[in-house]
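Some notes on the structure that comes next.
The values are calculated or read from the model by the stated rules, or taken from the named source; none is laboratory data. A quick note: this is a predicted structure, and the numbers were derived from the prediction, not measured. Methodologically, a virtual Cβ is constructed for each residue, glycine included, from the backbone with ideal geometry; neighbour enumeration extends over all protein chains shown.
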Amino acid sequence: MGGIDLPGLGPSLLASQGWWIRQGLGATAVALWLALLAAMAQKLRQRWPQQREWSRKLVHIGTGAVVPLAWISGIDRLIALPAAAIITLLAALNHRYRVLPAIEDVGRHSYGTVAYGASITLLLLIFWPQRADAVCAGVLVMALGDGLAGLLGPLVSSASWRVLGQRRSLAGTLTMGLVSLAVLAALAGLTTASGGNLGELPPAPLALLAIAASAMLLEQIGWGGIDNLSVPLAVAWLWHQFSS
């Protein structure tokens, strides 16, 4: 017995409705997460006003979860790219007018938040969604590696030096390298377990080590927050190049 065709509800329309529902749910999840991050940053700033870097690093680290969330949700390029561009524009406006000081007010001149948004936008433009794994590699290395290095570096007593006027420490540099390697290894394991991304296998272990080392070296050149742009782009490009 054949199925019943309802007027106006053909397969293409039903598929289109399913697409919009999926995109809407994914976009809502991302928006709620970003709103939660902003609220948590504000609370953190109120609780420890003398630790202005903490709230910024919370947003820096937490924002890294947006890309895996978008990947899992299946958010389309047509939704992800404009959204990232708008968020970057809002970050630039916040940098100028300090609407949310918990994100920008760190007592030093830095365009890191804007560069971070710009790097995500560029990665989406270049790789999304065919190489969502490369986008995740670049963003997560910056979010977790650089974020934790920025927190632990000043807290742990270790040798330090200056690069282009920016203080760098042995503790922070090692944190960046080790966390980057751990993130890349975990992503490689997940990608391999899922059968690769569209037939692509992740980089081999030695390549992962080279990518993590590159991220660690690029993070040294962080004047004005430029490492928020250079590290994600370089890591994603190297991940893509070393994949097989």
> Given (1) on the phi < 0 side of the Ramachandran plot; (2) surrounded by fewer than 19 Cβ atoms within 10 Å (Cβ to Cβ); (3) not in a loop (DSSP other than H, G, I, E, B), where does Gly224 come up short, assuming only one miss?
Replying inline: (1)
>> Going through Pro129, Pro154 one at a time, which residue ends up being of a type outside the set (Phe, Trp, Tyr), surrounded by fewer than 23 Cβ atoms within 10 Å (Cβ to Cβ), farther than 12 Å from Val183 by Cα and modelled with pLDDT under 90?
In response: Pro154
>> Cβ-Cβ distance below 6 Å, separation of 6 or more or different chains: which pairs start in segment 32-61 with a residue that is under 21 Å from Ser73 (Cβ atoms) and end on one that is of a type outside the set (A, V, I, L, M, F, W, C) and surrounded by 15 or more Cβ atoms within 10 Å (Cβ to Cβ)?
In response: Leu37/Gly62; Ile61/Gly147
> Looking at Gln51, Gln46, Gln23, which is the one that is closer than 14 Å to Ala83 by Cα and of a type in the set (S, T, N, Q)?
Replying inline: Gln23
> Looking only at segment 165-213, which residues are among the polar types (S, T, N, Q) and under 17 Å from the mean Cα position of the chain (by Cα)?
Replying inline: Ser180
> Is one or more of the residues making up segment 183-199 within 20 Å of Thr113 (Cβ to Cβ), surrounded by 21 or more Cβ atoms within 10 Å (Cβ to Cβ) and of a type outside the set (Phe, Trp, Tyr)?
Replying inline: no
> Considering Arg98, Arg108, Arg77, which residue is exposed (fewer than 15 other Cβ atoms within 10 Å of the Cβ) and at pLDDT 85 or above?
Replying inline: Arg77
>> Just checking: which of the helices (runs of 4 or more DSSP H) contained wholly in segment 127-221 hold 1 or more residues that are out of contact with any strand residue (DSSP E or B) (no Cβ under 9 Å at 6 or more places or on another chain) and without any contact (Cβ under 8 Å) to a residue 40 or more places away in the chain?
In response: 147-155, 170-193, 205-220
>> For a quick check of your reading of the model, give me the residue pairs whose first member lies in segment 65-89 and is of a type in the set (Asp, Glu), whose second is buried (at least 17 other Cβ atoms within 10 Å of the Cβ) and part of a helix (DSSP H, G or I), with beta-carbon atoms closer than 8 Å and at least 6 apart or on different chains.
In response: Asp76/Gln23
> Does Ala92 count as among the hydrophobic types (A, V, I, L, M, F, W, C), within 18 Å of the chain's Cα centre (by Cα), modelled with pLDDT under 90 and assigned to a helix (DSSP H, G or I)?
Replying inline: yes
